[in-house]
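Visitor: Take this structure first; my questions come after.
The values are calculated or read from the model by the stated rules, or taken from the named source; none is laboratory data. Bear in mind the structure is a predicted one, so any value in this text is a computation, not a measurement. No Cβ is skipped: glycine too gets one built from the backbone with ideal geometry, and neighbour counts run over all protein chains shown.
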Amino acid sequence: MSSLLIRNVRLVEPGKLIRPGDVLVRDGRIVAIGSIGAKSTAGAEIVDGAGRLLTPGLIDVHTHGIMHSLYESGPDGLLAAARELGRFGVTTVLPTIVPQIRDGWLDRLGELSAAIPSVSEVNIPGLHIEGPFMAVSGAGCPTLPGDLELLEKIVSACAGRLAVMSVSPDAPNIVPVIRRLRREKITVFLTHTRANVEQTEAALDAGAVHATHFYDVFYAPSEIDPGVRPVGAVESILADPRASVDFIADGVHVHPTAIRAAVEAKTWMGIVLITDSIIGAGLPAGIYDTPWGYQVKVSPQDAARHSTKNFLAGSALTMDRGMANLLRWLKLPPEQIWAMGTFNPARLLGLKRKGRLEPGADADLVLWDEGLTAARTWVNGISIYEKPIE
Ligand SMILES: [Zn+2]
């Protein structure tokens, strides 16, 4: 029986409070938190937190890659990316794939799904497939109408490891697709849309529960009748208490004021942090190769851009930086902001033992240095990252 005592930390209980204390971990789970006496910890490995923050690990439900690796490139890319996440405080991830409909693409989904059980450095509840049933392209995703036959092929290729599918509420015939996904207990996100109120409400009625990279690729309807304000997917989602939303909190994709507006509509419980990151995220400023026939320019204050044409090529955000930005931008108790990267995504995915700091929860933990960089990261009680001493 392996046990670990992390003592003298500030415990972040997402959504609840931050207080000084210790955490006792046994066999991958938290067994006690608070002030823990020496008696119950005999034989435990002891880590002194020196008064630093200890939080549940961050959960990224929308990311395409990190550093030099892309999940969609295949099992090697997936395994390489998984090894890098601990340094950014990420302990659970949904590798996100934009399906490219060409020969062998279903086989690729099968290979990626089959690689998941061999990953131990991070929890992977399943894949997030962004498309192909979309109304508006974006990041090269296909725009197919809802197709139950094709959906069946995708679901079976993923062999039980499809966690999330993102669809557009205005893709033709999307309602039966959403219903079918819900029957399979696959979580449905909405995105890439010009949907009107009725289409958005129909998608939510059918079982969609969340809007991903909210505001981005959610086109506002144009004003046709001067003086009459048009409404669409953004207003429907903000107004509907069934839907939560997520943001690429890099300061480029979404203005902090737009995030604050959503927080007012949804409360802290309805907001999730994502990265939507690609190659270059987490790397120092520079120019990096991609598999897309061009290079990307990455700098910490910006997103990834085409190296010569300068257009947005994706996000270079990492979850630790996103959390630091939210903590700076939002005037909320910090334990509520921490929930946006931990408890809220866990609840969205139905992961009852994740995103919490409480007895019975999985010991996915991060000890944070000043400046919010991970000093230590544990996944299921196993140390997977320790910051090198400078
Ligand atoms: Zn994406």
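Visitor: Out of everything in the stretch 57-74 that is touching a Pro at 6+ places or on another chain (Cβ under 9 Å) and closer than 15 Å to PRO125 by Cβ, what residue ends up being nearest to the ligand (Cβ to nearest atom)?
Guide: THR63
Visitor: Given the conditions (1) farther than 25 Å from ALA171 by Cβ; (2) assigned to a strand (DSSP E or B); (3) of a type in the set (D, E, K, R), report the number of the one that ARG260 does not fulfil.
Guide: (2)
Visitor: Also, quick follow-up: Identify the residue in the stretch 91-111 that is among the charged types (D, E, K, R) and touching a residue at least 24 places away in the same chain (Cβ under 8 Å) and, among all such residues, is nearest to the ligand (Cβ to nearest atom).
Guide: Within the stretch 91-111, the match that is nearest to the ligand (Cβ to nearest atom) is ARG108.
Visitor: If you check GLY57 against the conditions, is it over 20 Å from ASN380 (Cα atoms) and at pLDDT 95 or above?
Guide: no
Visitor: Would you mind listing the strands (runs of 3 or more DSSP E) fully within the stretch 1-115 where at least 3 residues are surrounded by fewer than 22 Cβ atoms within 10 Å (Cβ to Cβ)?
Guide: Working: elements: 3-13, 17-26, 29-34, 45-48, 53-56, 58-63, 90-97.
The strands (runs of 3 or more DSSP E) meeting that bar are 3-13, 17-26, 29-34, 45-48.
Visitor: Restricting attention to the stretch 207-228, report how many residues are touching a residue at least 12 places away in the same chain (Cβ under 8 Å) and either surrounded by 19 or more Cβ atoms within 10 Å (Cβ to Cβ) or not small (Gly, Ala, Ser) (or both).
Guide: Keep residues of the stretch 207-228 that are touching a residue at least 12 places away in the same chain (Cβ under 8 Å), which gives 207-221.
Applying the additional criterion that residues be either surrounded by 19 or more Cβ atoms within 10 Å (Cβ to Cβ) or not small (Gly, Ala, Ser) (or both) yields 208-219, 221.
Adding up the residues that qualify gives 13.
Visitor: Can I ask one more? For the stretch 243-259, how many residues meet the condition of being more than 18 Å from the chain's Cα centre (by Cα) and either crowded, with 21+ Cβ neighbours inside 10 Å or within 26 Å of ASP205 (Cα to Cα) (or both)?
Guide: Of the residues in that region, 1 qualify.
Visitor: Of all residues in the stretch 112-151, how many are of a type in the set (Asp, Glu) and within 16 Å of the ligand (Cβ to nearest atom)?
Guide: 1
Visitor: Between residues in the stretch 68-90 that are hydroxyl-bearing (Ser, Thr, Tyr) and residues that are assigned to a loop (DSSP other than H, G, I, E, B), which pairs lie under 8 Å by C-beta distance while being six or more apart or on different chains?
Guide: SER69/ILE279; TYR71/HIS64; SER73/PRO291
Visitor: Go through (1) assigned to a helix (DSSP H, G or I); (2) in contact with an Asp or Glu (Cβ under 7 Å, 6 or more places away or on another chain) for ARG376 and report which single condition fails.
Guide: Here ARG376 clears every test but (1).
Visitor: Looking at ARG321 and the list (1) surrounded by fewer than 18 Cβ atoms within 10 Å (Cβ to Cβ); (2) basic (Lys, Arg); (3) in the same structural domain as GLU72 (by TED's automatic domain parsing), which single condition is not satisfied?
Guide: Going through (1) surrounded by fewer than 18 Cβ atoms within 10 Å (Cβ to Cβ); (2) basic (Lys, Arg); (3) in the same structural domain as GLU72 (by TED's automatic domain parsing) one by one, ARG321 breaks only (1).
Visitor: While we're looking at this one, here's another question. Pick from GLY28, GLY51, GLY77: which is on the phi > 0 side of the Ramachandran plot and either within 16 Å of the ligand (Cβ to nearest atom) or over 27 Å from the mean Cα position of the chain (by Cα) (or both)?
Guide: One residue alone meets the criteria, GLY51.
Visitor: Considering every residue within the stretch 130-149, establish whether at least one is under 28 Å from GLY322 (Cβ atoms), touching a Pro at 6+ places or on another chain (Cβ under 9 Å) and outside any loop (DSSP other than H, G, I, E, B).
Guide: Yes, the conditions are met somewhere in the stretch 130-149.
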